[in-house]
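The values are calculated or read from the model by the stated rules, or taken from the named source; none is laboratory data. Treat the numbers as computed from the prediction; the structure is a model and nothing was measured. Methodologically, a virtual Cβ is constructed for each residue, glycine included, from the backbone with ideal geometry; neighbour enumeration extends over all protein chains shown. Just the protein is used for accessible areas: all its heavy atoms, side chains included, with ligands, DNA and RNA removed. Shrake-Rupley method; radii C 1.70, N 1.55, O 1.52, S 1.80 Å.
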Amino acid sequence: MFLLYNLLLTIIYPFYLLLTLLHPKIREFHITRKEGKKRIIDFLNQYKNHKKIWLHASSAGELDQALAIFRILKHKHPDIPILITVFSLSVKNIDKLPSEGKAYLPLDFFWQWKFKNANFIFFITFTWDTFPNLLRALNKDGCKNFLCSAAIEHNSYRIKYSSIFRFFYNDFSGIGVVDEYNYENFKKLYNKNLKITGDNRYDTIIYKLDHQTISPKDNKKLQMADSIIIFASTYKECDQELYPYINKLLNEFPEYKIWIFPHHIDENRIQETIKNLNHYNIDKILLFSNENFINEYPKNNIIIVDKLGILAFAYQYSQICYVGGAFHHRVHNTGEPAACGCIPFTGPNINSSPVALLLWKNQLLFKYENGNEIITNMIRLIKNKEELNNKSIKIKTLIQKQTGASKKFYNVFLKNYLKKAR
């Protein structure tokens, strides 16, 4: 299977290079991979005689998990240099990462990885990301590989065709899964050092709430957020589902305002959001960036937040929200609102998120097949203040109870290797 994997990648490679010439997004991706390889080499050269650690995150959610492990490693072993790589271009500003090395990860072509005495103690990837060529090269160089906060759906193609995909996991020294459900799933793929260590995404959620800051100017704007409903991480698919029913929500609760946080805040997406709202005769719209925001706020019932870094704070002003992604792909971060006592409503596709599944199983997240159902049931819950307040308290308590996975993963898998590395 390993040979077949590399044969397929070799066949794909010329087509990939052709697409870099034809497609701007793929060209951008390719440029970041070339730069990423250079950064990794520079990191290796800069810390040539040091023992090192490598953490890899696929996207923003996995980066939260990686940073949770980063913090515990830096607390216990501040002198060990750490490289953090990410894969998705949705992760912006990687230079702001607190690690000694940071880079976008190159594609897993076998000729990319030539390690010799790289001195990595271990490589840790998160949730589901595996790179067979990279893992094998690191393993041969004496590096221990781990998968942290591992999660996989029971109907995943990797589970359905486990005999084909087991080789993806051959070079792991250990896998820490988020819960019993995922433990049973991973047993079909990996039967060596498999432990339940929890999901350390919760550690970062609480850390952010305790340590993030906001500018006084933006904080003053947030102080206006009394009686709000949040629509978070919205895509055009979310617009299509929800916007036909927004007036229904506003008519029931004229004192409420809806704060919309588009997943992308480029000019095209902001204008698309406004246009989609206007299509349903919703025109009392205010941008968060408006210089006259505080004076204009009372006159408008829709706020479009066109600035990053506000959402985590806004959740603290709301008890109810919609979290996007689950109508067309997979749900975004539901743990962040939950930690603030804000009850998430979503589309149907939540199975790839252990956090969303945990909340749903505890009746603290509501998933529906269409926007009409979401708005109708939001109205029902807002009207039942006692139920809403009880759920708000329960959801915060549940998230707090999930913390500590980073420490557990460290103690189970990493502690002994780091003792030997001294």
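Tabulated values for the structure
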| item | result |
| --- | --- |
| By average C-beta atoms within 10 angstrom, highest first, the peptides 321-330, 111-120 | 321-330, 111-120 |
| Lysines whose Cα lies under 17 Å from that of K383, excluding same-chain neighbours fewer than 8 positions away | K248, K257, K391 |
| Accessible surface of region 312-366, 1.4 Å probe, proportion on carbon and sulfur as whole % | 45 |
| Angle in degrees between helix 24-46 and the longest Cα principal axis of the chain, rounded to the nearest 10 | 50 |
| Volume in Å³ per residue [convex hull over Cα atoms, computed for region 81-165] | 124 |
| Entries of K92/K361; K92/K220; K25/K367; K92/K221 with Cα pairs more than 29 Å apart | K92/K361; K25/K367 |
| Candidate aspartates and glutamates for bridging to K192, where Cα separation is under 14 Å - those fewer than 8 sequence places away on the same chain excluded | D171, E184 |
| Difference of contour (0.36 nm per residue) and Cα-Cα distance, L388 to N268 | 39.6 nm |
| In Å, descending, principal axis extents of the Cα set of region 21-171 | 43, 39, 29 |
| Accessible area in square angstrom per residue, the chain, 1.4 angstrom probe | 47 |
| Built amide H within the under 5 Å cut-off of V177, gap 5+ | A150, K195, I196, T197, G198 |
| Percent antiparallel among DSSP beta bridges (both partners in the chain, rounded to 5) | 0 |
| C-alpha center-to-center spacing [region 48-78, region 151-211] in angstrom | 18 |
| Whole-Å distance, taken between Cα centres, linking region 320-340 and region 361-422 | 11 |
| Exceeding the 27 Å Cα-Cα cut-off - candidates K48/K74; K299/K396; K51/K140; K51/K102; K51/K96 | K299/K396 |
| Listed candidates (1) 19.6; (2) 21.1; (3) 26.0 - label of the one calculated as mean projected area of the Cα convex hull in nm² | (2) |
| Full-stretch length increase - R27, Y183 - with 0.36 nm per residue and alpha-carbon distance subtracted | 52.3 nm |
